[in-house]
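The values are calculated or read from the model by the stated rules, or taken from the named source; none is laboratory data. No experiment lies behind these values; they were computed from the predicted model shown. Cβ placement follows ideal geometry from the backbone for every residue including glycine, while neighbour counts extend to all protein chains displayed. Areas reflect the complete protein model, heavy atoms only, side chains present, ligands, DNA and RNA absent. Shrake-Rupley method; radii C 1.70, N 1.55, O 1.52, S 1.80 Å.
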Amino acid sequence: MRNPDLIFDQVRVRYRENWRDWLLHGDDAHFSFPLAAPSADAIARNYDAVGQWLRAWRTWSETQPVIRLRTVTRHTVVGTQEVFTHLDLPTIDDLVALDHGLADHWLRAKARWMHLIALPGGVATERLRPHLQQIVDLDNADFEILLRSAVWFTEHPRSGLTIRQVPVLGMHTKWLARNRRLVLACLNITPSPGGSTDQPHEELEQHDLDPLGLKALPVHVDVILADPADRALVGGLRHLRAPLPEVNALPLRPEKVMIVENKESAYLVPDQPRTVVIHSLGNHLSVLNEIDWLQGARHFYWGDLDRAGMTLLSRARSQLPRLMSILMDPATLEEHQALAIKDETRADPPESNLTDIEAAALAGLTTEHGTYLRLEQERLPSPFVLHQLTRALEAHSFDRGR
């Protein structure tokens, strides 16, 4: 015998599994839930329990006027007994009325679906289906931006604008990074293979923006010319920040290139002959494979001693296979562990190209309590850093004619 709570659970499961179909293909449905009614023998054996079960259903049904309890008459040795066999619900609205959460969700889903199918370009129902829950979960402001975005991109499929130039109220770079796949689904556009996932911290690249007819801003690269001879070629500038094509066109032939994760730490790199520093690339490490004057140089990497820093190191090495790390070893961590802080950020695992020493440093970041450490570049004492950087750069110098 199934009590009302058990049937409620079945109602919720039925809704979760089918609400998208009802929304997309119509809600003309009738529902029936069997109550596992007791047999005549069961009634005779458990007369009191059956009586309690019947009273529970009667009490509950009095609060739900739209439902119907189907009955059957059992002839037992203790007399004739009418029992409930099924809970019948005529419509989806009657079904969701049993649970306030379902009712709110269904009302919201129907209202938003009516807005979506009214978009000027029409919608492809099956393209939207995987995204319906995310669309229903949007707050009202984000849903309005989604509608406005879909209308604008339908009317301007190849605008050639940057994200910030799109005149859609409320849409900005992070919003589009988070909701790009929803916009594409509303436009019946398949995302580009290998496109970024919809996360607010992701920066959209050109292949992410191509389906929307937008253009990405050029990636800018920060460069430090540590060789006075190189600075003389560019009017004496030591620090440069320029679009990737312009950086690639610099008349440089370094023998050593150091990639540094953070700007403040990069400023510590001393002057060295034929040495160039590239810093603050973030996740744009693929540019390392697009700068021609990096070819033939020795490559070094210095980043934070934390899980994210090790992941960035591994990604940089996938672009520059002979990349050597500096100050990312167990000895540096052990000597300066008192300067480390607790690392509570999420980090993707590194690729499988760390050296044994780097892997040991990564393992050393895990504490005995199962938490993680972060030793930021900036926390290392400057004299120690200068000594280690100078020693590493000088140890790997080699002669090469200009």
Next on the checklist: Can you pull out every residue in segment 62-92 that is farther than 17 Å from Ala37 by Cα and polar (S, T, N, Q)?
Outcome noted: Thr63, Gln64, Thr91
Checklist entry - So which pairs qualify, if the first residue must be in segment 95-112 and more than 19 Å from His25 (Cβ to Cβ) and charged (D, E, K, R), the second must be open to solvent by 50 Å² or more (accessible area, probe 1.4 Å) and in a helix (DSSP H, G or I), the Cβ gap must be under 9 Å, and the two must be at least 6 apart or on different chains? => result Asp99/Arg12
Item to check | Residue count for segment 60-89, restricted to those that are loosely packed, with under 14 Cβ neighbours inside 10 Å, outside any loop (DSSP other than H, G, I, E, B) and either touching a residue at least 40 places away in the same chain (Cβ under 8 Å) or of a type in the set (Ser, Thr, Tyr) (or both) | outcome: 3
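Table: residues versus (1) among the basic types (Lys, Arg); (2) out of contact with any strand residue (DSSP E or B) (no Cβ under 9 Å at 6 or more places or on another chain); (3) part of a helix (DSSP H, G or I); (4) surrounded by 12 or more Cβ atoms within 10 Å (Cβ to Cβ).
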| position | (1), (2), (3), (4) |
| --- | --- |
| Arg12 | yes, yes, yes, yes |
| Trp22 | no, yes, yes, yes |
| Pro38 | no, no, no, yes |
| Leu54 | no, no, yes, yes |
| Arg58 | yes, no, yes, no |
Next on the checklist: Test of understanding: among Ala242, Ala216, which residue is in a strand (DSSP E or B) and either surrounded by fewer than 17 Cβ atoms within 10 Å (Cβ to Cβ) or modelled with pLDDT of 95 or more (or both)?
Outcome noted: Ala242
Item to check | segment 366-395 residues that are farther than 20 Å from Ile259 by Cβ and outside any loop (DSSP other than H, G, I, E, B), paired with ones that are open to solvent by less than 50 Å² (accessible area, probe 1.4 Å) and among the aliphatic types (A, V, I, L, M) (beta carbon under 6 Å, 6 or more apart) | outcome: Tyr372/Leu365; Leu373/Ala340; Leu373/Leu365
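Those residues that are of a type outside the set (A, V, I, L, M, F, W, C) and either without any contact (Cβ under 8 Å) to a residue 24 or more places away in the chain or at positive phi (or both), I need them from segment 1-24; list them, please. Even if it seems obvious, please write down each step before you answer.
Initial filter on segment 1-24 (of a type outside the set (A, V, I, L, M, F, W, C)): 2-5, 9-10, 12, 14-18, 20-21.
Within segment 1-24, Asp5, Asp9, Gln10, Arg16, Glu17, Asn18, Asp21 meet the criteria.
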